[in-house]
Amino acid sequence: MNECPFCHIKEADGQRIVFENEYCLFLQKESEQLVLEGCGLIVPKAHKENVFELSREEWNATYDVLQQVKELLDNGHSPDGYTLGWNVGRVSNQEISHAHFHVIPRFRDEPYAGKGLRYWIKQKENMRPGRKE
């Protein structure tokens, strides 16, 4: 945990805490704002490896912060939709072993509009070896 970037948030790394409550916070990283305008992460303050380890209080706190984030993004960016998600484990692309909830505003004029969380993984090229159509 000593090296966990979510346990030791450094604003010098271009991250800033936008909202927080007793259990979690909403982070935005400057380097991601050009392509994923308004995006950020809701992160529990306590080190929890994945979403399945969250307490009921952390779930409720995540909900509360998500409502604040939505209001901020609706007013500041006017997105046409949202992609929201948790990754659990390396195979799902969880690169940092600290639970974090992606909040990504989506816009109808972006090249990948209409392609959400499942679009990429439900392509036939992603079928497991040995499975039959």
(request) Within the stretch 6-26, count every residue that is in contact with a strand residue (DSSP E or B) (Cβ under 8 Å, 6 or more places away or on another chain) and touching a residue at least 40 places away in the same chain (Cβ under 8 Å). (result) 7
(request) Out of Lys29, Lys48, Lys10, report the one residue that is among the basic types (Lys, Arg) and within 13 Å of the chain's Cα centre (by Cα). (result) Lys29
(request) Look through the stretch 26-82, keep the residues that are among the basic types (Lys, Arg) and more than 20 Å from Asp109 (Cα to Cα), and return whichever of them is surrounded by the fewest Cβ atoms within 10 Å (Cβ to Cβ). (result) Arg56
(message) Can you tell me which condition Asp13 does not meet? The list is (1) surrounded by 15 or more Cβ atoms within 10 Å (Cβ to Cβ); (2) closer than 18 Å to Ile96 by Cβ, and all the others hold.
(response) (1)
(message) Of everything in the stretch 19-51, what is assigned to a loop (DSSP other than H, G, I, E, B) and under 20 Å from Val88 (Cβ atoms)? Give them in sequence order.
(response) Tyr23, Cys39, Lys45, Ala46, His47, Lys48, Glu49, Asn50
(message) Name the single residue that is modelled with the highest pLDDT among those in the stretch 83-115 being farther than 12 Å from Cys39 by Cβ and not in a loop (DSSP other than H, G, I, E, B).
(response) Trp86
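The values are calculated or read from the model by the stated rules, or taken from the named source; none is laboratory data. Since this is a predicted model, take the numbers as computed values, not measurements. Neighbour counts are summed over all protein chains in view; Cβ atoms, including those assigned to glycine, are modelled from backbone coordinates with ideal geometry.
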